[in-house]
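The values are calculated or read from the model by the stated rules, or taken from the named source; none is laboratory data. All values derive from a computational prediction rather than experimental measurement. Cβ: placed from backbone, ideal geometry, glycine included. Neighbour counts: every protein chain shown.
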Amino acid sequence: MPRTVVVTGSTSGIGLGIAKAFAADGANVVINGFGPLDEIEAITKELSSHGGRSIYHGADMTKPDEIADLMATAAREFGMVDVLVNNAGIQHVSPVEDFPTDKWDRIIAINLTSSFHTMKAAIPAMKAKKAGRIINVASAHALVASPFKAAYVAAKHGIMGLTKSAALELAEFGVTVNAICPGYVLTPLVEQQIPDTAKARGISEEQVKTDVMLRLQATKEFVAIDEVAAIALFLASDAAKQITGTHISVDGGWTAQ
Ligand code: NAD
């Protein structure tokens, strides 16, 4: 029986990479996120070509009732959710005093609270089966801060707390809960913040890449999407069953400093 994996925010970037890795491993994959429907259809078709089946659910991660429907749909279609990957995330770059309150609320809702809702829905069946994997795509910003990213850093530090607390609750039920903490990965989320960061810091867009993003990434290279996806696959494997309540960094040495 193939495993069933829900990946939030998987129509693009890291989430899509994780969805592809699990599909290639034979899993059923429920994808979620925004984007043109024809492109999403092409994604589910490709993900369904490895043995498992893939469906799409368009739940908006700011809306608890839509998140509940995503999780209920996954359980109804496939029996249960074996692996939950909380990946959906957005960014906004601004000094605290100018930070729009609606952006703060949106970032906390998508990057933190949505994971509480998906976990709340997935945990009872995982506990009953005494098996399950919850993987939260956090960030190096779950461990250290940068200026002008107050909401993102707060949400990502929060997801680390949620990860640890849930891991302790589930440790004796065969369910692990962990976070992945990537450094900078060149995805649409990162590309979009380059102009705003340039403006906030008064520097060129090229300088944002070299002097801001890769300044602390000791390898001076962006992390690849596949490198993050490989960690998700590992955390969902039997070999990782004693890893819980922690994070794996994939940040080119950023948080070693
Ligand atoms: P991305 O912009 O490429 O993808 C984000 C995904 O989330 C998309 O599928 C988008 O449609 C979806 N999404 C956005 N708002 C949503 C909402 N309200 N409801 C449902 N889906 C929504 O971004 P990415 O860089 O791949 O980021 C994915 C995750 O990785 C995020 O949690 C991000 O914080 C984290 N991360 C990214 C980097 C990086 O450098 N790219 C580094 C560390 C952590």
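Determine which member of the set Leu37, Leu112 is modelled with pLDDT of 95 or more and either closer than 26 Å to Pro182 by Cα or aromatic (Phe, Trp, Tyr) (or both).
Leu112
Which of the following residues is in contact (Cβ under 8 Å) with a residue 24 or more places away in the chain and surrounded by fewer than 24 Cβ atoms within 10 Å (Cβ to Cβ): Ala145, Ala179, Ala154?
Ala154
If you check every pair at least six apart or on different chains, which have Cβ atoms under 7 Å apart with a residue in the range 52-66 that is free of Cβ contacts under 8 Å to residues at least 24 places away in the same chain first and a residue that is assigned to a loop (DSSP other than H, G, I, E, B) and of a type outside the set (Phe, Trp, Tyr) second?
Glu66/Ala59; Glu66/Asp60
Within the range 44-67, track down each residue that is near the ligand (Cβ under 10 Å from one of its atoms) and aliphatic (A, V, I, L, M).
Within the range 44-67, Ala59, Met61, Ile67 meet the criteria.
From Ser139, Ser165, which residue is buried (at least 19 other Cβ atoms within 10 Å of the Cβ), polar (S, T, N, Q) and free of Cβ contacts under 8 Å to residues at least 60 places away in the same chain?
Sole residue among the options that is buried (at least 19 other Cβ atoms within 10 Å of the Cβ), polar (S, T, N, Q) and free of Cβ contacts under 8 Å to residues at least 60 places away in the same chain: Ser139.
Could you check, for the range 77-87, whether at least one of its residues is under 23 Å from Ser12 (Cα atoms), assigned to a loop (DSSP other than H, G, I, E, B), in contact (Cβ under 8 Å) with a residue 40 or more places away in the chain and within 15 Å of the ligand (Cβ to nearest atom)?
Checking the range 77-87: at least one residue is under 23 Å from Ser12 (Cα atoms), assigned to a loop (DSSP other than H, G, I, E, B), in contact (Cβ under 8 Å) with a residue 40 or more places away in the chain and within 15 Å of the ligand (Cβ to nearest atom).
Considering only helices (runs of 4 or more DSSP H) fully contained in the range 146-257, which possess at least 1 residues that are of a type in the set (D, E, K, R) and modelled with pLDDT under 95?
188-201
Of all residues in the range 94-139, which are closer than 30 Å to Asp196 by Cα, away from the ligand (no atom under 13 Å from the Cβ) and assigned to a loop (DSSP other than H, G, I, E, B)?
If the condition is that a residue be closer than 30 Å to Asp196 by Cα, away from the ligand (no atom under 13 Å from the Cβ) and assigned to a loop (DSSP other than H, G, I, E, B), then Pro95, Phe99, Pro100 are the ones that fit.
Looking at the range 63-70, is at least one residue part of a loop (DSSP other than H, G, I, E, B) and out of contact with any Pro (no Cβ under 8 Å at 6 or more places or on another chain)?
Yes, that holds for at least one residue.
Taking into account only those residues within the range 31-48 that are in contact (Cβ under 8 Å) with a residue 24 or more places away in the chain, closer than 21 Å to Gly79 by Cα and not hydrophobic (A, V, I, L, M, F, W, C), which is surrounded by the most Cβ atoms within 10 Å (Cβ to Cβ)?
Asn32
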